[in-house]
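To keep things clear, I will list the structure first and then write my remarks on it.
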Amino acid sequence: MENITNRPETPSSAASRRSFLRVAGAAAVTGGLLTACSKGDEAFVNPTGSARAAGTTVALPTGDAGVLAFAYVLEQLEAAFYEMVLAKPYPNMSSADMALWTDIRGHEIIHRALFKAAVGAGTAANVPDLTFNFSSIDFNNRADVIANAEAFEKTGVGAYNGAGKYIKDAGYLTLAGKIVSVETRHHSILRELQYPYSDAFAGPTIVTSDTGLHLAYEPTFVLPIAQKYILETLDASALVKSLA
Amino acid sequence: MNLQNLFSEIEKVDGEIFDRLAHVSRRGLFSSLTKKTIAAAAPAIMASALTKSYGQSSSLPQGVKDVLNFALALEYLEFNFYNYGRNLSMIPVNYRPAFELIRQHEEVHVRLLKTVLGADAIPMPKFDFSAKGTFTDTFTNFATFSAIAQTFEDTGVRAYKGQAGNLQAAPAILQVALQIHATEAAHAANVRYMRGQKGWITGGTAALQGLPSVVDASYKGEENTVQAGVDLAAALAGDSRITPAMVMQAFDEPLDKPTILGIVAPFFA
């Protein structure tokens, strides 16, 4: 086979991969329960499997509005993360790093504003300004910030790539397409920062070697990952059902 | 068949295409594929997607086939470009892993699209990487090579994006196209970065990307700040963290097929 090299994942990203798998498994179980469950108040996605502190449940709408609401959740998450990165910059943040984070933060704020302003009153009404908990991230540690940024971007790229086929409206599909390639650009640059002068920006853990395909994640895979950072409880049961 | 259609479309924007094609052996051009064994290893994902959706490629809707052949033409172009540049000493050692990976991706994209299209796949055209004399040192000067690479990748992103709506009838294929689209975007950002550019596109001219104006058409429209009817630059004007340039960067704009064909026509021999 081709001699492709790719840097091993860092311990922290390997750990997050393990927890991805764990929540994915939990989500699969939860999904099964959701199907069997008819009461709305029990039908929420609670990926950790543990009871959350009392909080608002955010029900995502169905169909295109639901997919857009799903995207809006992810953009809120990303924007909030980068706002944190620059609210408390890690020690000795270089001017190049500062410029990079400022650009990416700007893009995510803009994406968030687009979904809030333009994508139907129904979506914004269904998804309020979410509250986030980034306590698992060490914002004083450059490597940890980059690793988490890379993970958020990877999730975002996979989410858009996996959700595109569910969008009925061609205009919305194009809009999602305009955004996903920018998320991919972010991801590519972050990988280059982690592993300079290598093929890590699109190596085999990111792009399949035999077909050249970038990541694609189903919404049921992505939601539990996002949920870990969101205090409100996301209820995607109706959305998921509407996509089936 | 499809190749004819494709070149008819190129002809609309490049009247000389058939003259230039006359230099290519008709037999070589149109029957080369039938003489070769099509890559045996059918990528499992596409095979299964096709079986589920259509049974076999011959029942793919014509509109989907057209998109896939359009994509194949672009992938042939990219693959041949990187394959010719492969191992040339002008590529700095630091950047060889990236270019080798990109070359491999374009190669498997070609194989994937040919597998899906089967007998409907267009054969590989011949290429002119001087773009009819515009570039005189494509494979001897890394600055030129990487500039063309950046343009191809940024243009490829726009080309796939412009076709997404035409694949909605085939959800499995739409997803694969989106995944290829993302791969091209990952390439684009990396090549831009190694050239000292931002990974994202600012504004609608080649000069803003550190490129000669001859490739302006690849960037025209990227200055757009209006999305879904909202002028986001205006809407966020009060936010000191946001600049109009960021609004341009935050969205990659699609290009339609005739525009893309006009851009790549000079590279077809």
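Here are the numbers:
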read-out	value
FRET efficiency, A:D129 to B:A119 (Cβ-Cβ, R0 45 Å, nearest 0.05)	0.25
Coordinate range along principal axes, alpha carbons of segment B:73-174, Å, largest first	44, 29, 25
Förster radius 22 Å - calculated FRET efficiency between B:A207 and B:S130, Cβ distance, rounded to 0.05	0.55
Sequence-distant residues sharing a close amide H with B:T243 (under 5 Å, placed H)	none
Computed E for B:D231/A:T56 - FRET, C-beta separation, R0 35 angstrom, nearest 0.05	0.65
In sequence order, calculated HN-Hα J values of segment A:96-108 (Karplus, 6.51, -1.76, 1.60; Hz; x Gly/Pro)	5, 5, 4, 5, 5, 5, 5, 4, 5, 4, x, 4, 6
All-pairs alpha carbon distance profile, segment B:202-251, 5 Å steps from 0, percent	5, 23, 25, 21, 13, 9, 4, 0
Coordinate range along principal axes, alpha carbons of segment A:58-242, Å, largest first	45, 41, 25
Under 5 Å, built H, 5+ apart or other chain: amide partners of A:T57	A:T233
For the pair A and B, total buried accessible area rounded to nearest 100 Å², probe 1.4 Å	4800 Å²
Per residue accessible area of segment A:58-242, 1.4 Å probe, in Å²	29 Å²
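The values are calculated or read from the model by the stated rules, or taken from the named source; none is laboratory data. Keep in mind that this is a model prediction, so the values were computed, not measured. FYI the Cβ positions are ideal-geometry reconstructions off the backbone, even for glycines, and counts take in every protein chain you see. With ligands, DNA and RNA removed, areas are computed over all heavy atoms of the protein, side chains included. Shrake-Rupley method; radii C 1.70, N 1.55, O 1.52, S 1.80 Å.
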